[in-house]
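A quick write-up on the structure given underneath.
The values are calculated or read from the model by the stated rules, or taken from the named source; none is laboratory data. These numbers were taken from a predicted model, which means no experiment stands behind them. Cβ placement follows ideal geometry from the backbone for every residue including glycine, while neighbour counts extend to all protein chains displayed.
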Amino acid sequence: MIRISTQMITERSLSSMLRQQSDLSETQLQLSSGKRVLTPSDDPASAVRVMGLNGAMDTLTQYQSNIGRLTTRLETEEGVLEGVTDLLQRVRELTVQGSNDVLALADKASIASEVRQLSEQLFSMANSRDSGGEYLFAGYQTGSQPFSRNLGVYSYNGDNGQRELQIASDRTVADGDNGFDTFMDIATGPLATVSVAAPTVLTAVAAGDITIDGGNGNGAISIGALPAAATAAERATQLRDAINAATSQTGVTAEFNTTPANTLTLTAVGGTGVTVAMAGSATTTTTGLTAGTTLPVSSKRSIFETIDQLASDLESGQSVGRYITDVDLAMENIVEIRASVGARLNAVEEQESVNADLKLNLEMYRSDEQDLDYTETISRFETQMMALQAAQQAYVKVKGLSLFNYL
């Protein structure tokens, strides 16, 4: 026979009520938090899956943050490059206007003044910053001004790097373009330059004795006859005017040199070079020309230098037609970079949508693992509450039992 004491009844009742209170408290916490799994011990397998899902969602959140930063920087860069394109288009218009030889020196100086203003604007654009105060075209050196100048010499102080930001587990995108490739290392048109010495014999030169081939596909073109000249300066002028009269066919232009006196420089932009042929009355002594072929030379220089040289040549009254090709090449480079920026913007926009869809799916999976079924939990809460109340009432009655009540 087991002896049931009052102490045993009390201990068992209290133990049962405390357990029911603990269950009720846990259910109440679930209802207040909206989560089924409050601690790993509630459901170890589900807790591990939730931790994995939380880590994946945190990573996606960082990717989306990177995409936001990329979008801001790339849109800013695209706006700057659009402005540079418009600026270079205006420079080209002014170059075409300034290449008109009928313009007076004052007119060319006026054009040069606008060109120099555009040069100042271009320099400012190249040193643009994003909304965070970082320079757009400095490579990795985003905290340092990329371009500087001293006495007309332009320097690039950045590097050739491109920062990459990760937007997916296996995908990174550059957040900008370095200034060296954008503004400094720009191809110029193939240029053939021929030096013409001062003539010493001023006799007449017959038509057809001097032919020039500018390498533009039109072949050798005769520049016509040159009458006898009184001075070397007059002969140089005759030769210059005759060559420039055929420029539309040869693509070759002639300009006076200040030193040495009575000398010329022939220039051809593009093509395969300049070929000079002489016969009969045309010799080096009567023309200053030397028979032979001069091949074109291609070089690279900054857009800033091209525009500054254009302005200087306009101010001195020289022909500036050769700069048209240089400006065109500069614009092509900017347009190519703009296309790259646009492609990157499209890529990050598409990835942002993919990341958003993936994050939504992960949130659904996490909800299935940890979110509460309110209907079931409320029903359980009410059942536990009733059970606890019943246990408490039963304890009160049992505790009040005594044989003295029946004596």
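The set of residues in segment 216-246 being hydroxyl-bearing (Ser, Thr, Tyr) and over 51 Å from the mean Cα position of the chain (by Cα) consists of 231 alone. As a summary of the residue check, residue 156 satisfies the conditions (1) within 30 Å of residue 263 (Cα to Cα); (2) at pLDDT 90 or above except for the one numbered (1). Scanning segment 104-156 for residues that are within 22 Å of residue 82 (Cα to Cα) and of a type in the set (Val, Ile, Thr) yields 115, 142. Of the residues in segment 157-176, at least one is among the basic types (Lys, Arg) and in contact with a Phe, Trp or Tyr (Cβ under 8 Å, 6 or more places away or on another chain).
Regarding segment 122-130, can at least one residue be identified that is over 19 Å from residue 154 (Cα atoms) and touching a residue at least 24 places away in the same chain (Cβ under 8 Å)? Among the residues of segment 122-130, at least one is over 19 Å from residue 154 (Cα atoms) and touching a residue at least 24 places away in the same chain (Cβ under 8 Å), which makes the answer yes.
Please tell me if residue 213 is under 49 Å from the mean Cα position of the chain (by Cα), crowded, with 20+ Cβ neighbours inside 10 Å and among the charged types (D, E, K, R).
Judged against the criteria, residue 213 is a match.
Scanning segment 198-244 for residues that are among the aliphatic types (A, V, I, L, M) and out of contact with any helix residue (DSSP H, G or I) (no Cβ under 7 Å at 6 or more places or on another chain) yields a total of 12.
Quick one: would you say residue 253 is closer than 19 Å to residue 316 by Cβ and crowded, with 20+ Cβ neighbours inside 10 Å?
yes
Let's see how each residue does on (1) more than 29 Å from the chain's Cα centre (by Cα); (2) modelled with pLDDT of 95 or more; (3) β-branched (Val, Ile, Thr):
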| site | (1), (2), (3) |
| --- | --- |
| 66 | no, no, no |
| 70 | no, no, no |
| 88 | no, yes, no |
| 107 | yes, no, no |
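Which residue is nearest to the chain's Cα centre (by Cα), if the candidates are limited to segment 129-165 and must be closer than 25 Å to residue 347 by Cβ and of a type in the set (A, V, I, L, M)? For segment 129-165, the residue satisfying everything is 136.
Just one of the listed residues (336, 350, 369) is modelled with pLDDT of 85 or more, more than 20 Å from residue 83 (Cα to Cα) and either assigned by TED's automatic domain parsing to the domain that holds residue 126 or surrounded by 13 or more Cβ atoms within 10 Å (Cβ to Cβ) (or both), namely 350. Let me confirm something: among 254, 261, which residue is in contact with a Leu (Cβ under 6 Å, 6 or more places away or on another chain), modelled with pLDDT under 90 and in the same structural domain as residue 206 (by TED's automatic domain parsing)? Going through 254, 261 in turn, the sole match is 254.
Being modelled with pLDDT under 70 and assigned to a helix (DSSP H, G or I) is not true of residue 357. Considering 137, 183, the condition of being touching a residue at least 40 places away in the same chain (Cβ under 8 Å), in contact with a Gly (Cβ under 7 Å, 6 or more places away or on another chain), surrounded by 19 or more Cβ atoms within 10 Å (Cβ to Cβ) and not aliphatic (A, V, I, L, M) is satisfied by 137 alone. Among residues of segment 264-294 being of a type in the set (S, T, N, Q) and in contact with a helix residue (DSSP H, G or I) (Cβ under 7 Å, 6 or more places away or on another chain), the one that is surrounded by the fewest Cβ atoms within 10 Å (Cβ to Cβ) is 290.
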